[in-house]
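Structure first, commentary second.
Just so you know, all these numbers are worked out from the coordinates, no wet-lab data involved. This one's a predicted model, so the numbers in the text were calculated from it and none came from an experiment. Here the Cβ is made from the backbone with ideal geometry for all residues, glycine too, and neighbour counts use every protein chain on show.
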Amino acid sequence: MRPEIIYIEKEIAGLPYTQAVLQKFSGAHVEIIEDIRALIRQNKKTTFSKQNQPLVLAKQRGRFLEKCPGTKEHICCNYYTLNIAVGCPYDCTYCFLQSYSNNPYYTIYVNLDEMLAEIRGQVRGKIRLGTGEFTDSLALETYTQFVYTYSPQICALSPDITLELKTKSNWTLSGAEASGLAQFRKQLVFAWSVNPQNLIDSDERGATPLRERIRAARTAAECGYCVALHFDPIIYSADWAEQYQTVLDLIRQNIPPEKIAWLSLGTLRFTPTLKPIIEQKFPASTIVYGELFPGRDKKMRYPEPLRVKIYQHMLRQIAAISPCLPVYLCMESPEVWKKVYNQLPAQVENLNELF
Ligand code: SF4
């Protein structure tokens, strides 16, 4: 990502973190603005190319920490999102941000000392946090250095915090720099979203190849960190089982099971408003044309029997890697949970802690 212009809100322009991020984008034209909201109002219908999408360094005026909204009448995994940025350099066909956000700018919130204060005030007991809800947690890590600066400070707030950084990038932990994080090894989880390479080619434009993601995950594991792997969204095709087996085989060959903190499974789902956007923006993508029906949350999903079949198969194949790996379903109904596990998540061994 090479933004030609970087807007900086006046109020946060002098923060050391703003200046540190800015230094990494040398060559871009910098413009000081009063308030990002005025910029969004003027340009909310503009579509910028991902490669030179303008960047905004802004103040988070809302809450940094939010309970993951989950989805109506589906089971949520008790996750908290940490909203440190909005936008992504990748261009996945199924990305919900396309219909969710009216902000065309890649926005990084830099008042992160306020984020620390907010977390400090809210943590009561064990909590899982993740920054990957409205952005890819590590895609711009080279510029933001969040892992080495703010993640240790977050973990230091309480040993009850687990911080998950989820990505489709090939960002790789560097052995030397990672030593500064070593005391938080038990609290930091580096996570990769995975899909078969043919789907990455067709539906995850700009994101890194599967092998590079797995290699990066392997490095994190070799540095002593736990990693998570998210099969989400699983996209059905005639040969889906063989395609996903190639991913599972790569995981088995590269990542020791004891270094896997958890895996998640979630089949494709999207709001009806996203469908015309996908059709128009990605005419070659076929993901919206399968048999998909609205669920109780109105999102389009594969029929329940097909979802159950996919989850049961994936669970069997994951158990063949190691029988004790915690695997949860993302945004699924209680009925599907019961059909797949014969019980609800809080009763499933290995998952009761997470849920
Ligand atoms: S990586 Fe995530 S945030 Fe980025 S485009 Fe893909 S789905 Fe959206």
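Which pairs break 31 Å Cα to Cα here: Lys24/Lys166; Lys166/Lys298; Lys50/Lys338; Lys44/Lys299? Please report the intermediate quantities before stating the final value.
Values: Lys24/Lys166 22 Å; Lys166/Lys298 26 Å; Lys50/Lys338 41 Å; Lys44/Lys299 25 Å.
From the list (Lys24/Lys166; Lys166/Lys298; Lys50/Lys338; Lys44/Lys299), the Cα-Cα distance tops 31 Å for Lys50/Lys338.
Go ahead and run the numbers for FRET between Arg185 and Phe355, Cβ-Cβ distance against an R0 of 22 Å, rounding to 0.05. Mind showing how you got there, number by number?
Working: r = 24 Å, r/R0 = 1.07.
Result of the calculation: an efficiency of 0.40.
Using 7 Å Cα-to-Cβ label points, what is the Ala28/Asn342 separation (nm, one decimal)?
Once both label points are built, they end up 5.4 nm from each other.
By the scheme Lys and Arg +1, Asp and Glu -1, what is the net charge of all other residues having a beta-carbon under 11 Å from that of Leu274?
Details: positive: Arg269, Lys275, Lys281, Lys299; negative: Glu279.
Net charge in that neighbourhood comes out at +3.
By how many nm would the segment from Lys126 to Glu291 grow when fully extended, if each residue of separation counts as 0.36 nm and the alpha-carbon distance is taken off?
On the way: separation 165, 0.36 × 165 = 59.40 nm, distance 3.96 nm.
Here the answer is 55.4 nm.
Viscosity 1.002 mPa s, temperature 20 °C: what is the translational diffusion coefficient of the chain from Stokes-Einstein with a Kirkwood Rh over Cα pairs, rounded to a whole number of µm²/s?
Numbers: Rh = 21.1 Å.
Answer from the Stokes-Einstein relation: 101 µm²/s.
In whole Hz and in residue order, list the ³J(HN,Hα) couplings for the stretch 182-196 that follow from phi through the Karplus curve 6.51 cos²θ - 1.76 cosθ + 1.60, θ = phi - 60°; x for Gly and Pro.
Here the 3J(HN,Hα) series is 3, 5, 10, 3, 7, 9, 9, 10, 8, 10, 10, 7, 10, 8, x Hz.
Only loop residues by DSSP count here, and only those with at most 13 other Cβ atoms within 10 Å; note down the GluC sites (Glu not before Pro) in the stretch 249-355 that meet that. Numbers along the way, then the final one.
On the way: sites: Glu258, Glu279, Glu291, Glu332, Glu335, Glu349, Glu353; in loops: Glu291, Glu349, Glu353.
Taking the stretch 249-355 and a limit of 13 other Cβ atoms within 10 Å, the loop GluC sites (Glu not before Pro) found are Glu291, Glu349, Glu353.
Please give the contour-minus-distance gain from Ala156 to Thr142: 0.36 nm per residue of separation, less the Cα-Cα distance, rounded to one decimal in nm.
Details: separation 14, 0.36 × 14 = 5.04 nm, distance 2.25 nm.
Extra length from Ala156 to Thr142 when fully extended: 2.8 nm.
Please sort through the DSSP H helices of the chain and keep those with an alpha-carbon extent of at least 27 Å along the long axis and a Kyte-Doolittle average not below -1.0.
Counting only whole DSSP H runs, no helix qualifies.
So which cysteines in the chain don't have a second cysteine's C-beta under 4.7 Å from them?
That list is Cys68, Cys76, Cys77, Cys88, Cys155, Cys223, Cys226, Cys324, Cys330.
List the residues whose amide H sits under 5 Å from the amide H of Val56, counting only those 5 or more places along or on another chain, with H placed 1.01 Å from N in the peptide plane.
Tyr7, Tyr106, Thr107, Ile108
Using unit Cβ charges (K, R positive; D, E negative) and no other charged atoms, how large, in debye to the nearest 20, is the dipole of the stretch 186-276 about its Cα centre?
That gives a dipole near 280 debye.
Starting at the first residue of the stretch 343-355, write each ³J(HN,Hα) from the Karplus equation 6.51 cos²θ - 1.76 cosθ + 1.60 with θ = phi - 60°, in whole Hz, x for Gly and Pro.
Ordered by residue, 3J(HN,Hα) equals 7, 8, x, 5, 9, 7, 4, 6, 10, 4, 5, 5, 9 Hz.
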